[in-house]
Structure formats: C-alpha cells, structure tokens
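The values are calculated or read from the model by the stated rules, or taken from the named source; none is laboratory data. In this text the structure is predicted, and so the values were computed from the model without any measurement. Every residue, glycine among them, receives a Cβ derived from its backbone with ideal geometry; neighbour counts consider all protein chains shown. The accessibility values were calculated without ligands, DNA or RNA, using every heavy atom of the protein model including side chains. Shrake-Rupley method; radii C 1.70, N 1.55, O 1.52, S 1.80 Å.
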Amino acid sequence: HCVSFSETENCEQLYECPMCSLTCTNIHILEEHVNLHLEEHSFSDDGNIRDLELAQWLQTEEDKRQRSEEEKREREEFKKLQRQYGLDNSGGYKQQFLKSMEREVDRGRMQPFEYHKRKADMMECLASGIDDGKTKTSGVIEALCKYYQNENKDVKRVWLSTGVDHFHSSLGDRGWGCGYRNFQMLLSSLLQNSLYNDCLRDTTLIPSIPKIQSMIEDAWREGFDPHGASHFNSRLRGSKAWIGACEIYSLLTNLRIKCRIIDFHKPTGPMGTHPRLFEWILHYYSTDNEGGARVVCTSKPPIYLQHQGHSRTVVGIEEKKNKALCLLLFDPGCPSQEMQKLLKQNSGGTNLKLLRKFVGSLKEKQYQIVAVDGVLSLEEKAARCCASQILTSEKIP
C-alpha cells in the first residue's frame, strides 16, 4: 500500500492510514487504529499478506521518523557549533561591544553620555586599527623579578620571559577573544626586543582585535594554511570566530617571525597530566641561561599555549626545591584589577595564585604551543608558507 504524509503550516507531521483515509498526528495512535483493521481482516484469506505488508510499512515509517529526528539533531548541533565558534553571522567585535553597552545602559549601570563617549572611542580604535589599551596591565614581569629576588621559601630557581603586557577580554570580545589577546601579549614582548625591529616596522603599536583578524586574512591570502582558511571561509573580520595555534603560526610567520607549533597530543603522565609539556618549557627558558642565578630574567619571548576552548600565555617557569615544576601563565580571562595586585610592593605569594599552574592543574587531553625563536629571511618565509599547506605542527610522542 502507498502511504503519504504531509506537513501542516506549523510543521506538525501527519500520518495517513494505509487501509482507509484517516489521518493521525501520532504514529502510535495510527498503529492502534491499524490494529483494528487487522482484527477485522484476520479471518480473510489474505490476512497474512496484509499482516506482512503492514509490518513492513510500520518499519519504514519508524525508520523515516528516526532519520528525521537524527537530521534535526545534527542541524541543531551544527548551529550550536557555529554559535560557539563565532561563525553564525551574528556580528563581530563592534556589534558585540555596542550590544554589551546597550545592556549596561538598560540595567542602569552606564549613563547614556558614557555610552556615547565609549562608542566614539571604540569607532576611533577601529578606524586606526590600534588597541585602546584599556585592558592592558604593564610591569608585571618586572614586579615578579623583584618578588623572586626576595622570596626564598620554596623556589629553587625561576626563569621569566622578557617584559610582557597583560591584556584581558573586553565588552567586544568576551567569550571568544582569548587567542587575539594572547597574540597581543606575545607581540607586546616582541616589540621590546630589537631583534624583531625589522619584522615589526609596520606594527609598532598593538593592533586591535579587528585589525588582528585582518592580519590573519592577509596571511591566508599569501597562501598560509589553506585548510585552516577554508574552515573560516577565508574571513574573520566581522565575526566572533575563535582562533588557535595554527592562526597564530600563520600570522607570525607572515610577519617573518620564526616560530613553530609543538603538539602535545596526549597525556604523558599519570592522571591525564602533561609533564613533557612542562619539561619542554623548562628547556626553552633554560637554554642559553644555564648560569647559577636563582632568578633568571631571560631574553626569551613568552609562549602561546592552546587547549580545547581556551588559550593562555606562558611567561615563566618555577623549579621548586622539591624539583616540582610550576608554569606562570597570563590568562586573558583575568581582569586588570586582579593583575594590578601583582604590581603592589607588598604583593605576596598569595597573589601569584593567579599565575601559577602545577603539573596536576593542566589535565586537558591535548595542548599545543607556539614558540618564537628568531627571524626568517624572505626565502625561509616562502618555504614555510609552502610547508604550511601540508603540515605546521610537530607532535611530541
């Protein structure tokens, strides 16, 4: 028997009885109705044939229903992922900034005059491509250097990056801007190092997030990471798209900054921990800094650290007297009010909890780091561009 079904205007699915013209909105009610037909025909010669046909039809309808529900779930999951990764065309930094301020005005937390002033400031930053510096905290590395010179309890040695400014997420990028903020942190350090003057002669000030998005698009147009570019449809501007280690690699390499991605693709210690990650970072900071000083203020740039859903910036590492290692991390999710506590003269070890992460604290399944190490020639940049079209990361076994 041929079975038809249709959808009403409110998308309610209808099921038609294969034996009469009755229409039901629920397949289970239809089954009960069809069973009545079966009872009526159970003594006829073709009862067994009708039984088989009906069983086959019911199975077909059930399969259709399950497929329809699975497709609906997949569509909803895809939309959820698009929203999560900022690819749902809901606007970018500018739109989120304005909406966030409008909510603040509606709730009485911001006066209209302040809204208009901050909107004007934001539009000026977008036009110039320069970050407004309102989420920046400077001088933390220098304060740490002084703190460790006097602290003598349980730290055997500590290695610190060159000066790094901390940047945290603002109204415009809260929830998705960590990758861009970590790039600002890394760049703030490179701008203080004369080795990178030539590479960064066109980037002498910290760019805004929309400008960084534009810089990544420039790298894609140069041919870097076509696979990654296709994931974003080669466009970041005007979106709230999350970026990760591959985008940071493409951006830096396009600026002729020598860097590499190292992929810690599985735990290397008990309880899902990553001691190899800590050992790699210790080696990075201690190479060329093997002297006997307890506090080593190195010339090394900070390290970009990525895991699923978030990224941070490694600015140093402690070796405790019991040989335990502890990373020092700048987190874009930490507001400047908290970071500024580290600048106070009497800042004790309690405030360092903001930065410290022991081996047992980093238990994500996978980590990637982007480490900077010098400058590329134009030929080396071209070679890396070609290589990025195949593979950009090293895996730690």
- prompt: In the chain, what percent of the accessible surface is made up of carbon and sulfur (1.4 Å probe, ligands and nucleic acids excluded)?
  reply: 50 percent
field: Modelled FRET efficiency - R0 41 Å, ARG107 with GLU379, Cβ distances, 0.05 increments
entry: 0.15
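Work out the length of the dipole vector of segment 93-395 about its Cα centre, built from +1 on the beta-carbon of each Lys and Arg and -1 on the beta-carbon of each Asp and Glu, and round it to the nearest 20 debye.
Values: 43 positive and 33 negative charges, 190 e Å.
In debye, rounded to 20, segment 93-395 gives about 920.
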statement: Each label sits 7 Å from Cα toward the beta-carbon; between GLN95 and LYS117 the label points are separated, in nm, by 2.9 nm
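Among 158-170, 229-241, 327-339, how do they line up by average Cβ neighbours within 10 Å per residue, starting with the highest? It would help to have the intermediate numbers written out before the result.
Details: 158-170: 23.3, 229-241: 17.5, 327-339: 19.1.
Ranking the peptides 158-170, 229-241, 327-339 by packing returns 158-170, 327-339, 229-241.
With a cap of 14 neighbouring Cβ atoms within 10 Å, and only residues DSSP puts in a loop, list the trypsin sites (Lys or Arg not before Pro) found in segment 98-178. Display every interim value, and only then the final one.
On the way: sites: LYS99, ARG103, ARG107, ARG109, LYS117, ARG118, LYS119, LYS134, LYS136, LYS146, LYS153, LYS156, ARG157, ARG174; in loops: ARG107, ARG109, LYS134, LYS153, ARG174.
Within segment 98-178, the qualifying trypsin sites (Lys or Arg not before Pro) (loop, at most 14 other Cβ atoms within 10 Å) are ARG107, ARG109, LYS134, LYS153.
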- prompt: Taking square-rooted eigenvalues a ≥ b ≥ c of the alpha carbon gyration tensor, is segment 93-395 rounded, prolate or oblate, where a/c under 1.5 means rounded and, failing that, a/b exceeding b/c means prolate?
  reply: oblate
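Go through segment 254-336 and name the GluC sites (Glu not before Pro) that are in a DSSP coil and have 10 or fewer other Cβ atoms within 10 Å of their Cβ. Mind dumping the intermediate values first?
Details: sites: GLU279, GLU290, GLU318, GLU319; in loops: GLU290.
Sites meeting the loop and neighbour criteria: GLU290.
Which links in LYS240/LYS266; LYS94/LYS266; LYS156/LYS344; LYS240/LYS365; LYS258/LYS344 stretch past 31 Å when you go from one Cα to the other? Before the final figure, lay out each step's value.
Numbers: LYS240/LYS266 29 Å; LYS94/LYS266 38 Å; LYS156/LYS344 23 Å; LYS240/LYS365 25 Å; LYS258/LYS344 35 Å.
Cα-Cα > 31 Å for LYS94/LYS266; LYS258/LYS344; rest within.
Using a 1.4 Å probe, what is the accessible area per residue for the chain, in Å²?
Details: 21170 Å² over 397 residues.
With the other protein chains kept in place, the chain gives 53 Å² per residue.
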message: Only bridges whose two residues both fall in the chain count here: according to DSSP, what percent of them are antiparallel, nearest 5?
response: 85 percent
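Starting from segment 295-357, pick out the trypsin sites (Lys or Arg not before Pro) whose DSSP state is loop and whose Cβ has at most 15 other Cβ atoms within 10 Å. Write down the numbers at each step before the final one.
Values: sites: ARG312, LYS320, LYS321, LYS323, LYS341, LYS344, LYS353, ARG356, LYS357; in loops: LYS321, LYS323, LYS344.
Counting only loop positions with at most 15 other Cβ atoms within 10 Å, the trypsin sites (Lys or Arg not before Pro) in segment 295-357 are LYS321, LYS323, LYS344.
For HIS33 and GLU76 in one chain, what is 0.36 nm times their gap in residues minus the Cα-Cα distance, to one decimal in nm?
Values: separation 43, 0.36 × 43 = 15.48 nm, distance 3.32 nm.
Length difference between fully extended and current span is 12.2 nm.
Let me have the relative contact order for the chain, percent, based on Cα pairs under 8 Å that are six or more residues apart. Walk me through the numbers before you get to the answer.
On the way: 599 pairs, mean separation 77.2, N = 397.
Worked out over the chain, it gives 19 percent.
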field: Where a label projected 7 Å from the Cα of LYS156 along Cα→Cβ would reach, residues of segment 294-324 with amide N under 11 Å
entry: 319-324
message: At 1.4 Å probe size, what's the solvent-accessible area of LEU378? Round to the nearest 10 Å².
response: 120 Å²
